[in-house]
Each structure stands twice: as C-alpha cells, then as structure tokens.
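K.L.:
Sharing a structure, written as structure tokens. Questions coming.
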Amino acid sequence: MIDAETRALSVRVLDACRGRKWTVATAESCTGGLVAGALTEIGGSSDVVDRGFVTYSNAAKLAMLGVPDATLSQSGPVSRQTAHAMASGALARADVDLTVAITGIAGPGGGSAEKPVGLVHFAVATKDGGLTHREKRYGDVGRSEVRRLSVIEALDMLLEQAR
C-alpha cells in the first residue's frame, strides 16, 4: 500500500525508536492518517506506534487534541501555532515519547494568496520538552502528491528526533 521510499523511511523510523525504546503517536489533518498507516504497514510496528489522531475538522482538533479555539480562530487551522498545539496535544493525550503533527492544504481548492494550496505545517514534540516546526510549500502539485510528500516529511522529522 505504500511506495518503496516511504516503506524504507518507515522502517528506519521504527528502528530508531526501538533503539531508544520510544513510542510514537501521530496527529494528522491533511494526511488523514497516512503517516500512522505508513508506520503500521510494517510488521511488528505495534511496539513503537501507540495511536494516530485523525483530526481533519476544527472540532476534532479541539475535542481530540485540545487545540485552543483561540489558536484556530486567530492563526487558522493551517499554521505553525496549530501544528504546535496538535503535536503537544497528542503528547499530552498519549503516553508516548514522540509525536508528529501535520496540517495543511492539499487541494485542489481551499487555498488563498496567504495560504496557498500545497502549504503544510509540521510539528514534532518530544516527552523531554522538545518542539520543532517545519513549513513546506509544495505548490499546486495535486492532492495526492501533497499528501505523499507530507508523509515523507513527517517521517523524516520523526527520524531526525529519534536518532
């Protein structure tokens, strides 16, 4: 179900987490669970992957991850602030060592001049208090490609933290 590049990266993430005895949760919006799906495509991943939060709507971000309503209304669902709140919320709600959050505009519609199609915000949070952010602007390369590239980026960020 996943391509060779994503499979190889998923294996590396799982192995790195095992090496540190870390567990992972994902908080996904525009990827709709694809990061958790890529990790759990690998046999034996249950010793690393705890859960995935698919929080596509603002209501889900509020209810499942505790993203503050003020963050959503002031910064918008596709923002650095929301990605940070999603990653931190997943960390608070799951007994894990590492979380990744993804929120973006996959298209084909929904973009604006300020927040165009292909804009994706990522955040990784660690149990020891680390919180990193990355912003990508993939452009209007198609919904599937934005999502595929976002999965790879999220896995790469997990790997960087787990090394």
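The values are calculated or read from the model by the stated rules, or taken from the named source; none is laboratory data. Nothing here was measured: the structure is a model prediction, and the numbers come from that model. Cβ atoms come from the backbone with ideal geometry, glycine included; neighbour counts cover every protein chain shown. When the accessible area is computed, the model is the full protein with side chains, heavy atoms only, and any ligands, DNA or RNA have been set aside. Shrake-Rupley method; radii C 1.70, N 1.55, O 1.52, S 1.80 Å.
K.L.:
Got a sec? Charge dipole of region 40-119, +1 on Cβ for Lys and Arg, -1 for Asp and Glu; which of GLY89, PRO116, LEU62 is way out at the positive end?
P.N.:
The residue sitting most towards the positive pole is PRO116.
K.L.:
What number comes out for accessible area per residue over region 6-163 if the probe is 1.4 Å? Units Å², please.
P.N.:
With all protein chains present, region 6-163 gives 42 Å² per residue.
K.L.:
Still on this structure, please answer the following. Between ALA70 and VAL54, 0.36 nm times their residue separation minus their Cα-Cα distance comes to what?
P.N.:
Contour length minus the Cα-Cα distance gives 3.7 nm.
K.L.:
Which order do the peptides 21-32, 70-81, 150-161, 126-137 take when ranked by the mean count of other beta-carbon atoms within 10 Å per residue, highest first? Please list the in-between numbers first.
P.N.:
Numbers: 21-32: 23.6, 70-81: 16.4, 150-161: 21.2, 126-137: 13.1.
The most tightly packed comes first, giving 21-32, 150-161, 70-81, 126-137.
K.L.:
Counting only protein heavy atoms and using a 1.4 Å probe, what share of the accessible area of region 1-112 belongs to carbon plus sulfur, as a whole percent?
P.N.:
53
K.L.:
Largest first, how would TYR138, TYR56 line up by accessible area (1.4 Å probe)? Don't skip to the end; give the middle numbers.
P.N.:
Values: TYR138 45, TYR56 130 Å².
Accessible-area ranking of TYR138, TYR56, largest first: TYR56, TYR138.
K.L.:
Round to a whole angstrom and tell me the spacing of the C-alpha centers of region 16-93 and region 117-134.
P.N.:
When both Cα centres are located, 10 Å separates them.
K.L.:
Follow-up. Under 14 Å from a point 7 Å along the Cα-to-Cβ line of ALA92: which residues of region 31-71 have their amide N that close?
P.N.:
61-71
K.L.:
Give me, ordered by chain and number, the residues 5 or more places off VAL49 or on other chains with an amide H under 5 Å from its own placed amide H.
P.N.:
Residues meeting the criterion, in which the H sits 1.01 Å from N, are VAL24.
K.L.:
Here's something else I'd like to know. Could you work out the relative contact order of region 17-163, using alpha carbon pairs under 8 angstrom and six or more residues apart, expressed as a whole percent?
P.N.:
This gives 23 percent for region 17-163.
K.L.:
Taking the Cα centre of region 1-66 as the origin, how large is its charge dipole in debye, to the nearest 20, when only Lys and Arg (+1) and Asp and Glu (-1) carry charge on their Cβ atoms?
P.N.:
240
K.L.:
Is it possible to state the helix-based mean residue ellipticity at 222 nm for the chain, with each DSSP H run of 4+ residues giving -39500 (n - 2.57), the sum divided by total residues, to the nearest 500 deg cm²/dmol? What is it? It would help to have the intermediate numbers written out before the result.
P.N.:
Working: 6 runs with 73 residues, N = 163.
About -14000 deg cm²/dmol.
K.L.:
Related question: Could you put MET86, MET1 in order of accessible surface area, largest first, with the 1.4 Å probe and the full protein assembly present?
P.N.:
Solvent-accessible surface, decreasing: MET1, MET86.
K.L.:
Bins of 10 Å, beginning at zero and ending with the bin holding the largest distance: percent of Cα pairs per bin for region 76-153, please.
P.N.:
For region 76-153, the pair-distance distribution reads 21, 47, 25, 7.
K.L.:
Which one is right for this structure if P(r) over Cα pairs in 10 Å bins from 0, in percent is calculated from it: [x] 9, 31, 36, 19, 4, 0; [y] 12, 44, 35, 9, 0; [z] 9, 29, 37, 23, 2?
P.N.:
Computing P(r) over Cα pairs in 10 Å bins from 0, in percent and matching it to [x] 9, 31, 36, 19, 4, 0; [y] 12, 44, 35, 9, 0; [z] 9, 29, 37, 23, 2 gives [y].
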